[in-house]
1. May I ask you to say which residue of Gly338, Gly394 is in contact with a Pro (Cβ under 6 Å, 6 or more places away or on another chain) and either in the same structural domain as Asn236 (by the TED database) or surrounded by fewer than 20 Cβ atoms within 10 Å (Cβ to Cβ) (or both)?
2. For residues in segment 362-377 being in contact (Cβ under 8 Å) with a residue 60 or more places away in the chain and part of a strand (DSSP E or B), which is surrounded by the fewest Cβ atoms within 10 Å (Cβ to Cβ)?
3. Scan segment 206-226 for residues that are within 24 Å of Asp82 (Cβ to Cβ), surrounded by 21 or more Cβ atoms within 10 Å (Cβ to Cβ) and not β-branched (Val, Ile, Thr) and report the count.
4. Can you spot a residue in segment 387-394 that is under 28 Å from His207 (Cα atoms) and under 22 Å from the mean Cα position of the chain (by Cα)?
5. So which of Ala313, Ala292, Ala249 ends up being touching a Pro at 6+ places or on another chain (Cβ under 8 Å), over 30 Å from Trp345 (Cβ atoms) and modelled with pLDDT of 90 or more?
6. Which one is nearest to Val399 (Cα to Cα), of the residues in segment 213-244 that are out of contact with any Phe, Trp or Tyr (no Cβ under 8 Å at 6 or more places or on another chain) and polar (S, T, N, Q)?
7. Condition first: aliphatic (A, V, I, L, M) and part of a strand (DSSP E or B). Now tell me which residues in segment 223-272 satisfy that.
8. Yes or no: segment 395-408 includes at least one residue that is at pLDDT 95 or above and part of a helix (DSSP H, G or I).
Amino acid sequence: MGVSPGFQCKTRCVWVTEAIAHGLVLQTVSCVPQTGCPSPPSPFRTRLSEINPVMSEVTCRPVENRRDQKAFLELERRLYRDDPNWVPPLWGERKKLVGFKHHPFWLDAEGQTFLVRRGDKVVGRVLACVNHAHNRAHKDRVGFFGFFECENDPDAAIVLLDTACDWLRERDMTIARGPIHPSLNYEVGLLVDGFDTPPTFLITYNHPYYESLIHAAGFVKEQDVFSYEASIDILNHLDPKLMFIIEEAQKRFKTSTRPIRSSHFDEDVRIFLEIYNQSLKQTWGYVPMSEAEIVEQSNGLKQLLVPQLTSIAEIDGKPVGAGFGLLDYNPIIRRIGGKLLPFGWLHLLMGRKKLTRLRMVSANVLPEYQKWGLGLVTLYPIVPAAVDFGIQVGEFSWVLESNQLSRGTIQRGGAKATKTHRIYDRPLTSGASNGSSADEALSSTGQGSTS
């Protein structure tokens, strides 16, 4: 197969260069000088258009330097630049959670970030992570992957995820689970339903084709998490059965509720996080936050929490329940490009009175009171406060598929499921790999490694 020797051009134009690159030129030809670069004759044009270029080699390597770190972060921006629903992350926080800057999560975990390239172009990224706190709490050997992003390139995605799995297998993990970013205390799951609207604050978003990439790499569903949405008007007029439960619980336990006190903010946020830790001990996949993580979270919430959109339930002065909502800051975060410095924080704080969506993040009750309706007692004061603030829509997110009690209560309150995120597992036992060798990518040293 070749180009006719009769096609002559002394200036090796782009057509001849492309023909040589694809093996179409059978012999060197003498050319007639031309002005400019002539179009090729129609037989050559047709023949070249029928040829599929040979795909560049796929390689996967650990993140090793600052240039790699920048490529890791910038890939996300490039993949979603034309997607109207994508909201950039808070870049400073993202750098901490992937291990590029200090975060207390990494004091009891180790991880490695990877980049996959097709030729010289970065087309995918992932973090592989061993969360020692998880494995102690659950007495298993589950490794995690997160912050997965990839072009619609199944071969590259398989190489990337195989590399992450191999890294976990080398550390004696028996299951790879994800996407988890990097634990259930932060952001979780792959969006598989609900692509028609933007995500709310701290809820993940991805392209629809990611699901097929995850499947192609050998992962299967382990658990779904749901987001539920309702207008504040509906929530402000609860089902009479739910109101009866609230009233009976208040009579039985003589409960009182109050918001976070601005004058005792650190103390009250600590109450929130300690109740959170205790209440979720029996929850699927849950890992308690360390003392250092509690401090980190408390510092991060200081500027984000609106006191009247929080609630602490007490019995005889003892905190037994805690709930809070976060304003959906995403419209502002999109405008500031995910950058809080130097003036992003100012936009975030000054613009929040115009926000109309509230994400109900947490409603936790100490285990000994969980079957008595105190979760509803804890949440109920937030609804009229949200109406006064100007909130129009409330979202409960996220809720585990296995948490039937919470899901049933939310649905009886009039909320509808709007988004589904999925968590996947893949066994790492002998012979479970998809076969993509990644030996060279496992030299996990450098600035993409955390331990």
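1. Values: Gly394 fails: in contact with a Pro (Cβ under 6 Å, 6 or more places away or on another chain).
From the options Gly338, Gly394, the qualifying one is Gly338.
2. Going residue by residue through segment 362-377, those that are in contact (Cβ under 8 Å) with a residue 60 or more places away in the chain are 362, 364-367, 369-370, 372-374, 376-377.
Now drop any that are not part of a strand (DSSP E or B), which leaves 362, 364-365.
Values: Ser362: 20, Asn364: 24, Val365: 23.
Among those that are in contact (Cβ under 8 Å) with a residue 60 or more places away in the chain and part of a strand (DSSP E or B), it is Ser362.
3. So the answer is 2.
4. yes
5. Numbers: Ala292 fails: over 30 Å from Trp345 (Cβ atoms); Ala249 fails: touching a Pro at 6+ places or on another chain (Cβ under 8 Å).
Of the residues listed, the single one that is touching a Pro at 6+ places or on another chain (Cβ under 8 Å), over 30 Å from Trp345 (Cβ atoms) and modelled with pLDDT of 90 or more is Ala313.
6. Ser231
7. Within segment 223-272, the subset aliphatic (A, V, I, L, M) is 225, 230, 232, 234-235, 238, 242-243, 245-246, 249, 260, 269, 271.
Residues satisfying the conditions are Val225, Ala230.
8. no
The values are calculated or read from the model by the stated rules, or taken from the named source; none is laboratory data. As the structure is a computational prediction, the values presented were derived from the model and not from experiment. Quick reminder, even Gly has a Cβ in these numbers, built from the backbone with ideal geometry, and neighbours come from all protein chains shown.
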